[in-house]
Amino acid sequence: QVQLVESGGGLVPAGGSLRLSCAASGRTFSLYVMAWFRQAPGKEREFVAAIRRSDGSTYYTDSVKGRFTISKDNAENTVYLQMNTLKPEDTAVYYCAGGSFFNSASTYDYPYWGQGTQVTVSS
């Protein structure tokens, strides 16, 4: 099995920055792709960004392009999400996920999930 643990969430004013981390343990060799999703109150969980662990290829949803950067440290089995120029609409619980299909924005393609970390952006 795989365990994912997120950290780094918090309260930040609009225009500020946060860096989320996701530490993976267990059968990490099965994690071909790592991704971040988010879920705002009353809304469905949505895809944010993904990274392919083999070559670092990345994939973003349009609303975060140019503001968020996903990166990895394979030696540490850790994935990061650097979030800049944050907006109130970025407020959500952010989840780390692991799966096998790159370029997938579907939660169904990610069998492994962390517990989530809250990000709140004040206006």
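The values are calculated or read from the model by the stated rules, or taken from the named source; none is laboratory data. Here the structure is a predicted model, which is why all the values come from computation and not from measurement. Because the Cβ atoms are built from the backbone with ideal geometry, glycine has one as well, and the counts that use them run over all protein chains shown. Only protein heavy atoms, including side chains, enter the accessible area calculation; ligands, DNA and RNA are left aside. Shrake-Rupley method; radii C 1.70, N 1.55, O 1.52, S 1.80 Å.
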Subset of region 41-55 [open to solvent by 80 Å² or more (accessible area, probe 1.4 Å) and closer than 17 Å to N74 by Cα]: S54, D55
Residue satisfying all of: in region 94-106; within 12 Å of the chain's Cα centre (by Cα) and open to solvent by 20 Å² or more (accessible area, probe 1.4 Å); farthest from L20 (Cα to Cα) among these: A105
Of residues in region 5-40 being at pLDDT below 95 and either open to solvent by 50 Å² or more (accessible area, probe 1.4 Å) or of a type in the set (F, W, Y) (or both), the one nearest to the chain's Cα centre (by Cα): Y32
Enumerated strands (runs of 3 or more DSSP E) restricted to region 1-77, each holding at least 1 residues that are among the aliphatic types (A, V, I, L, M): 2-7, 10-13, 18-26, 33-39, 46-52, 68-73
Any hit, region 34-49, residues being in contact with a strand residue (DSSP E or B) (Cβ under 7 Å, 6 or more places away or on another chain), more than 16 Å from S106 (Cα to Cα) and touching a residue at least 24 places away in the same chain (Cβ under 8 Å): yes
Which listed residue, of T85, T58, T91, T78, is without any contact (Cβ under 8 Å) to a residue 40 or more places away in the chain and either of a type outside the set (G, A, S) or surrounded by fewer than 14 Cβ atoms within 10 Å (Cβ to Cβ) (or both): T58
Residue, surrounded by the fewest Cβ atoms within 10 Å (Cβ to Cβ), within region 112-123, restricted to residues that are outside any strand (DSSP E or B) and modelled with pLDDT of 95 or more: Q115
Lone unmet requirement of (1) assigned to a helix (DSSP H, G or I); (2) in contact with a Ser or Thr (Cβ under 7 Å, 6 or more places away or on another chain) for E89: (2)
